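Note sheet for the following structure.
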Amino acid sequence: MNMAQKRSSFKKSRIGIALGSGSARGWAHIGVLRSLEEQGIVPDIVCGSSVGALVGAAAATGCMDRLETWIRELKRVDVVGYMVRSFMRSESIQSEKYLGEIFGQALAETRIEDLPKRFGSIATDLDTGQEVWLRKGSLLSAISPSIAFPGLLNPVHHDGRWLVDGGLVNPVPVSLCRALGADIVIAVNLNGDLLGRNRYGPVDSRDGRKSASSRDLWEKLALPFRKKGEKTSL
């Protein structure tokens, strides 16, 4: 197959992009999407985890310029203010209010089914530790849980479950892109091996069980949101 045939085959394929978690590094997704667009590559399917869901929603709704403007105008004092409210006063921020500052009512009034692209986001069930795919309904309701980083943004109650940041269970949602019909997936991983694999807590390689320290952390995060007497499973 020559280069022209490869390009033709690529264009006929349904292209998905999986935008990974990465905290402040997540704004790099904007540059990735703009660079792809300059090359004539426009994804048909957009999936995101954590900040990737936020940028993905902006791409799916045509709000990239608005998001980029908000980021450029964000000052260090604003970030410090968020941290102070969260950690000094034990006052987490509601993610829907945070999103409202950026997009206004654009997300609240948009349903995923009405988007010109297929979209999905990843969240984590705080009670069970299970991965949750959000692919239908309000776009705002799909993004709010995915960006709800424990300790900074409040968990989101959705369909009877408390949901938090999707990056905890699926940092780069390639699997969701595939499930939504992508033939080719462009995966954007902003974390790499940032601290080195040996820095992470031990995991039993035989059955994948979390270490005791990880389980203790999860118990502390889930404690205020589960019913009396219930245990959190991971």
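Here are the numbers:
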{"item": "Local net charge near Thr124, Cβ-Cβ under 11 Å (Lys/Arg +1, Asp/Glu -1)", "result": "-3"}
{"item": "³J(HN,Hα), Karplus 6.51/-1.76/1.60, whole Hz, each residue of segment 38-44, x for Gly, Pro", "result": "4, 8, x, 9, 10, x, 8"}
{"item": "Net charge of neighbours whose Cβ lies under 10 Å from the Cβ of Val169, counting Lys and Arg as +1 and Asp and Glu as -1", "result": "-3"}
{"item": "Spin-label pair Asn191/Arg72, simplified geometry with 7 Å Cα→Cβ offset, distance in nm", "result": "3.1 nm"}
{"item": "Hydrodynamic radius (Kirkwood) for segment 108-177, which is based on Cα pairs only, to one decimal in Å", "result": "12.1 Å"}
{"item": "Relative packing of peptides 127-139, 168-180 - highest average C-beta neighbours within 10 Å first", "result": "168-180, 127-139"}
{"item": "Sorted peptide list for 18-25, 32-39, 156-163, criterion being average Cβ within 10 angstrom, highest first", "result": "18-25, 156-163, 32-39"}
{"item": "Gly22 long-range amide H proximity, modeled H, under 5 Å", "result": "Val51, Gly52"}
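Here, each number is a calculation from the coordinates, and none is a lab measurement. On a predicted model such as this, the values are computed, not experimentally measured, just so you know. Cβ: placed from backbone, ideal geometry, glycine included. Neighbour counts: every protein chain shown.
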